[in-house]
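Right, one structure below, let's go through it.
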Amino acid sequence: MAGEGSGGGGGAGSFEDEAEPTVTIGEYIEGIEAEELEADLVLGGDDGKECTYGGGYLKRQAVFSCLTCVPAGVAGVCTACSLACHDGHEVVELWTKRKFRCDCGNSKFGSHVCKLCPEKDPENPANSYNHNFKGSYCTCGRPYPDPEAEKQVEMIQCCICEDWFHEDHIGLNSIEEIPRDEEGEPLYEDFICPKCSPKCYFLKLYPDTIWASNKQSSAPQAETTNSTVMNGNSSLGDIEKSENGALINHLNCEKTSDNENCPKDSVAPEKASLDDSSDGKCKLGMNICSNTPSADSEKKMPFFMSKSWREVICRCETCTDFYAQQGVAYLIDKEDSIEEYEKVAKQKREKKLEQQEGVEANFLNSLDHVQKIEILSGINDMKNELQSFLETFDSSKPVTSEDIRAVFENLAKKKKQRLS
């Protein structure tokens, strides 16, 4: 802290240089509301009053790991249990996880009993756990926040394994390759890490509209070690790559005469051929099982998917069965996406605010005219008194109980004067 332990006349100058910025009441309230909105988005609008165990494996919910109760990091609890049963514990916030059921108080917690829902199965076998539950993230296994880092670096979450990654640890030559607009905001809706991208190589059968493009590029690059050549009118499937001198077509099969395993005459669909699959027909117009590119011959790279890309994915019976075999059937479930999760959270928040406004309106409507005037005058006095206090208060000093008492004494005097 500036000035601490220093002598002479330099201290005063230091304090002047590091004067804290002031904020208005309006700015302060806006900041609080923004924090409340962010919390609601993470918690999915969950008010944290009831354990979610009774709801089974929820499609998506906020999950926490208590390392005090389960140091091995192989258990997760819901929002309500993190507050009611693990207050004061070492709790790791995991943001959201898919298809998870609250573990609080089950066999993994030993003698600890859930206060909100004590009757639970010994374990939830369908739950999935990774090193995030131990407080470790990314391929580097560092915690977040990282106590050894000079600056906390933002991380991004893979929509498949749901691990979090530092942007410079996802196999790119530079973080500038990440699709962003001029202001640095992400242009992608979902990120798929290099470890998970091989199981999603079927996405390369789709046109480039499903891929998030950087302002300098129109499609993601699957190879960074060599140049990628793409026809401007073709899809990602038509990209030809040069790898160690051998050309590879859109199905990643070498163009050599002795390659008998490469499907012949398999052409990725043109953009216009992605018809609606609601009639049972495949959007791709091919068997996804036999035509999906192989990831074996390619360097594993991250995928950045465009806005609403999931809506484009084919939902015919053959493709749906293939997704299930790959373990990614949730990609065609609208409720699985973070976008839908946050949309529902916003709707719950708006409904909650409307209910609060309704309660306030009903309360005012229950009062007679004199009582209404008294309430509104009291609110106005409180606003003016707080504003006066903030304008005259010395920000270099802490707020004491005497200061608060003085505020309410002044309010009482004003009320007495108004009623006399």
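The values are calculated or read from the model by the stated rules, or taken from the named source; none is laboratory data. Everything numeric in this text was worked out from a predicted model, so none of it was measured. When we count neighbours, we look across all protein chains shown, and the Cβ atoms used for this are built from the backbone with ideal geometry, even at glycine. Keep in mind that these areas ignore ligands, DNA and RNA; they rest on the heavy atoms of the full protein, side chains included. Shrake-Rupley method; radii C 1.70, N 1.55, O 1.52, S 1.80 Å.
State the number of residues belonging to segment 98-108 that are within 11 Å of V77 (Cα to Cα), touching a residue at least 40 places away in the same chain (Cβ under 8 Å) and open to solvent by 10 Å² or more (accessible area, probe 1.4 Å).
1
For segment 109-156, which residues satisfy the criterion of being in a loop (DSSP other than H, G, I, E, B), more than 20 Å from G55 (Cα to Cα) and charged (D, E, K, R)?
Residues satisfying the conditions are D146, E148, E150, K151, E154.
With the requirement that a residue be farther than 21 Å from K59 by Cα and under 24 Å from the mean Cα position of the chain (by Cα), what does segment 90-130 give you?
Across segment 90-130, the qualifying residues are E90, V91.
I'd like the residue in segment 145-166 that is in contact with a strand residue (DSSP E or B) (Cβ under 7 Å, 6 or more places away or on another chain) and surrounded by fewer than 18 Cβ atoms within 10 Å (Cβ to Cβ) and, out of all such residues, is farthest from D336 (Cα to Cα). Explain how you work it out, then say what you get.
Of segment 145-166, the ones in contact with a strand residue (DSSP E or B) (Cβ under 7 Å, 6 or more places away or on another chain) are 153, 155-160, 162-166.
When the remaining residues are screened for being surrounded by fewer than 18 Cβ atoms within 10 Å (Cβ to Cβ), the result is 153, 155.
On the way: V153: 26, M155: 20 Å.
Step by step, filter segment 145-166, then rank; the result is V153.
State all residues of segment 129-144 that are open to solvent by less than 80 Å² (accessible area, probe 1.4 Å) and either farther than 16 Å from I175 by Cβ or touching a residue at least 40 places away in the same chain (Cβ under 8 Å) (or both); if no residue qualifies, say none.
Y129, N130, H131, N132, F133, G135, S136, Y137, G141, R142, P143
Does I332 satisfy the criteria of being without any contact (Cβ under 8 Å) to a residue 60 or more places away in the chain and within 30 Å of S290 (Cα to Cα)?
Details: without any contact (Cβ under 8 Å) to a residue 60 or more places away in the chain: yes; within 30 Å of S290 (Cα to Cα): yes.
Considered against the rule, which asks whether it is without any contact (Cβ under 8 Å) to a residue 60 or more places away in the chain and within 30 Å of S290 (Cα to Cα), I332 comes out as yes.
Regarding R405, is this residue under 43 Å from the mean Cα position of the chain (by Cα), open to solvent by less than 80 Å² (accessible area, probe 1.4 Å) and farther than 30 Å from S294 by Cβ?
On the way: under 43 Å from the mean Cα position of the chain (by Cα): yes; open to solvent by less than 80 Å² (accessible area, probe 1.4 Å): no; farther than 30 Å from S294 by Cβ: yes.
No: the conditions fail for R405.
From the list G26, G8, pick out the single residue that is among the small types (G, A, S) and at pLDDT 50 or above.
G26
For segment 67-83, what are the residues that are open to solvent by 40 Å² or more (accessible area, probe 1.4 Å) and modelled with pLDDT of 95 or more?
Answer for segment 67-83, where residues must be open to solvent by 40 Å² or more (accessible area, probe 1.4 Å) and modelled with pLDDT of 95 or more: T68, P71, A72, V74.
Name the single residue, out of those in segment 324-350 being open to solvent by less than 40 Å² (accessible area, probe 1.4 Å) and out of contact with any Lys or Arg (no Cβ under 9 Å at 6 or more places or on another chain), that is modelled with the lowest pLDDT.
Filtering first and then ranking leaves R349.
Name every residue in segment 82-98 that is under 26 Å from R142 (Cα atoms) and of a type outside the set (A, V, I, L, M), in order of residue number.
Scanning segment 82-98 gives S82, H86, D87, G88, H89, E90, E93, W95, T96, K97, R98.
What's the number of the condition L172 fails, among (1) crowded, with 18+ Cβ neighbours inside 10 Å; (2) assigned to a loop (DSSP other than H, G, I, E, B); (3) not assigned by the TED database to the domain that holds E50?
Every listed condition holds for L172 apart from (1).
In segment 374-394, is there at least one residue being outside the structural domain of S306 (by the TED database) and either on the phi > 0 side of the Ramachandran plot or assigned to a loop (DSSP other than H, G, I, E, B) (or both)? Before the answer, list the steps.
Kept after step one, since they are outside the structural domain of S306 (by the TED database), are these residues of segment 374-394: 374-394.
Filter once more, keeping what is either on the phi > 0 side of the Ramachandran plot or assigned to a loop (DSSP other than H, G, I, E, B) (or both): 393-394.
Yes.
Take segment 297-329 and flag every residue that is touching a residue at least 40 places away in the same chain (Cβ under 8 Å) and either touching a Gly at 6+ places or on another chain (Cβ under 9 Å) or of a type in the set (F, W, Y) (or both).
Within segment 297-329, K299, K300, M301, P302, F303, F304, W309, F322 qualify.
Go through (1) outside any strand (DSSP E or B); (2) buried (at least 17 other Cβ atoms within 10 Å of the Cβ) for F304 and report which single condition fails.
Single failed check for F304: (1).
Only one of (1) touching a helix residue (DSSP H, G or I) at 6+ places or on another chain (Cβ under 9 Å); (2) more than 21 Å from L419 (Cβ to Cβ); (3) open to solvent by less than 80 Å² (accessible area, probe 1.4 Å) is not met by L353, so which one is it?
Condition (1) is where L353 drops out.
Just checking, does segment 142-165 include any residue being acidic (D, E) and farther than 30 Å from K199 by Cβ?
yes
Could you check how many residues of segment 74-108 are in a helix (DSSP H, G or I) and not aliphatic (A, V, I, L, M)?
5
Which count do you get for residues in segment 62-71 that are part of a strand (DSSP E or B) and in contact with a Phe, Trp or Tyr (Cβ under 6 Å, 6 or more places away or on another chain)?
Adding up the residues that qualify gives 2.
If you scan segment 53-66, which residues turn out to be among the basic types (K, R) and either open to solvent by 50 Å² or more (accessible area, probe 1.4 Å) or within 16 Å of P125 (Cα to Cα) (or both)? Don't jump to the end; show me each part of the working.
So the first thing to find is which residues in segment 53-66 are among the basic types (K, R), and the list is 59-60.
Selection gives K59 alone.
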